[in-house]
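Trainee: Sharing a structure here in structure tokens format.
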Amino acid sequence: MTSQVSKRLAAGARMPAHGENVLINTQNAVEAALERLGYSDEMFELLAEPIRTMTVRIPVRMDDGHTEVFTGFRAQHNDAVGPTKGGIRFHPNVSLDEVKALSIWMSIKCGIFDLPYGGAKGGIICDPRTMSTTEQERLARGYVRAISQIVGPTKDIPAPDVYTNPQIMAWMYDEYSLMRENDSPNFITGKPIVLGGSKGREKATALGVCIAIRESAKSLGKNLNELTALVQGFGNVGSHVASILHEMGVKVVGVSDAGGGLYEPEGLDIPSLMEKRDSFGMVSTHYSNVLSNEEFLVKPCDILVPAALENQITEENASDIHASIVVEAANGPTTPAADEILHSKGVLLVPDVLANAGGVTVSYFEWVQNNQGWYWDEDKVNQQMEELMVKSVHNILNTSKRYQVSTRLAAYMVGIRPFAEAMKWRGWV
Ligand code: GLU
């Protein structure tokens with residue numbers, strides 16, 4: 001008994017420490033944006049924390065017959081403009097504070113892109129890499145049953161995030177529809193196309209990131225085929241970013257995964273790496289000369305795309321980073337101290353809440369298609385997303401110039417405003 005208790009305590013002591021700083025950093029960013037826009041402290045009080053959070057315990061019968069109890073969370077940041085929206089991650093480092101921060105970032109993304117949603121996020125503390133398919137299915141279904149009271153097509157619409165995918169969305173959709181005795185494709189996005197998923201959703205985040213790269217290079221007068229890129233992370237987002245950049249003529253000189261990085265100054269053979277990657281984005285396992293994450297991030301390049309997890313560009317490595325353009329495909333990859341270093345070096349930073357919002361934008365299109373029962377072709381999806389991304393990138397770059405603030409603060413200012421205004425109209429503040 002004691003050993004179980006101390007194991008849980010040890011795990012608990014580690015997890016809040018990981019999520020806490022992310023939440024505090026996010027709250028600081030929200031506060032700075034509201035202050036710059038002249039909103040009251042009450043407004044901050046309402047936006048600093050999600051309006052609703054739920055912690056659930058999910059018993060899962062494992063394949064060997066024993067029951068394992070998993071902890072999951074769902075945080076809904078703000079529903080003043082509409083239902084909330086955001087992914088579910090399966091990861092050992094998930095914590096309530098991290099999920100709260102991620103839900104706030106989702107609000108900012110929806111605000112920048114004018115989507116009629118507030119932000120939400122979910123997560124389960126688990127390591128799907130060590131779980132069988134059937135164990136993952138039971139966990140996914142158990143999570144939906146546990147949070148079912150607070151989610152739904154007009155309340156809160158989940159989606160994929162780190163280590164979750166269309167198969168997991170399909171099980172969750174099935175479970176929700178069974179519970180409600182009502183076919184509900186609009187309950188969740190990121191589904192397989194045959195189950196009402198949107199064409200273009202799988203690559204949407206990556207395509208949006210690449211459009212943001214193209215537009216920011218353009219704003220600096222740079223030509224894409226003269227530029228080199230490093231992509232950290234080779235999961236759904238990173239691998240597609242690498243291959244779209246490769247198709248756009250950018251020389252991708254480095255990619256990395258959880259096992260380390262590959263670097264080739266002449267450019268990597270991205271199509272062959274795409275073939276070698278496994279479903280968790282591992283590719284370095286095929287090579288012997290693998291760089292550590294620290295060595296990888298400071299290799300020469302023009303564009304750096306962090307597409308892995310939080311807190312990767314830090315005070316320790318920011319001054320050694322070569323890139324003049326950093327485009328955050330991952331959520332929260334840069335710490336505030338690193339932000340300042342990059343800013344003082346004159347790096348053009350495209351913040352996460354702008355760069356990776358192509359994903360939630362196409363999720364919105366998926367929900368619209370599900371609500372209407374009318375499905376679009378891929379060109380229409382990509383074109384509508386591209387229009388919104390181009391408009392948003394220039395809006396943030398212009399706001400940053402007009403207010404003389406960093407691109408991140410500009411993004412928070414644009415993204416938080418609809419929530420403040422909607423809450424005023426509703427009479428909440
Ligand atoms: N998990 C993705 C994100 O962080 C997508 C969310 C969604 O599609 O709702 O933006």
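Trainee: Considering region 26-68 alone, what residues qualify as being part of a helix (DSSP H, G or I) and aromatic (F, W, Y)?
Mentor: The one that is part of a helix (DSSP H, G or I) and aromatic (F, W, Y): F44.
Trainee: Looking only at residues in region 347-370 that are within 16 Å of the ligand (Cβ to nearest atom) and of a type in the set (V, I, T), which one is farthest from M106 (Cα to Cα)?
Mentor: V368
Trainee: While we're looking at this one, here's another question. Could you tell me which of the residues G259, G221, G249 is surrounded by fewer than 24 Cβ atoms within 10 Å (Cβ to Cβ) and at pLDDT below 95?
Mentor: Numbers: G221 fails: at pLDDT below 95; G249 fails: at pLDDT below 95.
That would be G259, the only listed residue that is surrounded by fewer than 24 Cβ atoms within 10 Å (Cβ to Cβ) and at pLDDT below 95.
Trainee: On to the next question. Could you please tell me which pairs satisfy a Cβ distance under 7 Å, a separation of 6+ or placement on different chains, a first residue in region 295-316 that is under 22 Å from E226 (Cβ atoms), and a second residue that is aromatic (F, W, Y) and surrounded by fewer than 24 Cβ atoms within 10 Å (Cβ to Cβ)?
Mentor: Here the result reads K299/Y263, each pair linking region 295-316 to a residue that is aromatic (F, W, Y) and surrounded by fewer than 24 Cβ atoms within 10 Å (Cβ to Cβ).
Trainee: Sticking with this one: Of all residues in region 152-181, count the ones that are in a loop (DSSP other than H, G, I, E, B) and either within 12 Å of the ligand (Cβ to nearest atom) or within 19 Å of the chain's Cα centre (by Cα) (or both).
Mentor: 5
Trainee: Which residue, of A229, A318, is surrounded by 21 or more Cβ atoms within 10 Å (Cβ to Cβ), at pLDDT 95 or above and in contact with a strand residue (DSSP E or B) (Cβ under 7 Å, 6 or more places away or on another chain)?
Mentor: Checking each option against the conditions leaves just A229.
Trainee: Under the condition of being more than 20 Å from A140 (Cβ to Cβ) and not aromatic (F, W, Y), which residue from region 96-105 is farthest from the ligand (Cβ to nearest atom)?
Mentor: The selected residue is D97.
Trainee: Scanning region 69-81 for residues that are assigned to a strand (DSSP E or B) and free of Cβ contacts under 8 Å to residues at least 60 places away in the same chain, which turns out nearest to the ligand (Cβ to nearest atom)?
Mentor: The qualifying residue nearest to the ligand (Cβ to nearest atom) is A75.
Trainee: Name the one entry in S324, S344 that is closer than 24 Å to G221 by Cα, more than 16 Å from the ligand (Cβ to nearest atom) and free of Cβ contacts under 8 Å to residues at least 40 places away in the same chain.
Mentor: That would be S344, the only listed residue that is closer than 24 Å to G221 by Cα, more than 16 Å from the ligand (Cβ to nearest atom) and free of Cβ contacts under 8 Å to residues at least 40 places away in the same chain.
Trainee: Would you confirm, using the coordinates I've provided, whether G358 is surrounded by fewer than 21 Cβ atoms within 10 Å (Cβ to Cβ) and either within 30 Å of I396 (Cα to Cα) or basic (K, R) (or both)?
Mentor: no
Trainee: Just to be sure I understand, how many residues within region 181-227 are without any contact (Cβ under 8 Å) to a residue 60 or more places away in the chain, under 18 Å from V250 (Cα atoms) and among the polar types (S, T, N, Q)?
Mentor: Counting residues in region 181-227 that are without any contact (Cβ under 8 Å) to a residue 60 or more places away in the chain, under 18 Å from V250 (Cα atoms) and among the polar types (S, T, N, Q) gives 2.
Trainee: While we're here: Quick one: in region 82-92, of everything that is part of a loop (DSSP other than H, G, I, E, B) and under 19 Å from T189 (Cα atoms), which residue is farthest from the ligand (Cβ to nearest atom)?
Mentor: Selected residue: G82.
Trainee: Among the candidates Y375, Y364, Y403, single out the residue that is aromatic (F, W, Y) and buried (at least 22 other Cβ atoms within 10 Å of the Cβ).
Mentor: Y364
Trainee: Then there is this: Pick from S148, S198, S177, S132: which is within 22 Å of Y375 (Cβ to Cβ), surrounded by fewer than 22 Cβ atoms within 10 Å (Cβ to Cβ), modelled with pLDDT of 95 or more and of a type in the set (G, A, S)? If you could, list the steps in order and put the result at the bottom.
Mentor: Values: S148 fails: within 22 Å of Y375 (Cβ to Cβ); S198 fails: surrounded by fewer than 22 Cβ atoms within 10 Å (Cβ to Cβ); S132 fails: within 22 Å of Y375 (Cβ to Cβ).
Of the residues listed, the single one that is within 22 Å of Y375 (Cβ to Cβ), surrounded by fewer than 22 Cβ atoms within 10 Å (Cβ to Cβ), modelled with pLDDT of 95 or more and of a type in the set (G, A, S) is S177.
The values are calculated or read from the model by the stated rules, or taken from the named source; none is laboratory data. Keep in mind the model is a prediction, meaning the values are calculated, not measured. Note that we place each Cβ from the backbone using ideal geometry, even for glycine, and neighbour counts take in every protein chain shown.
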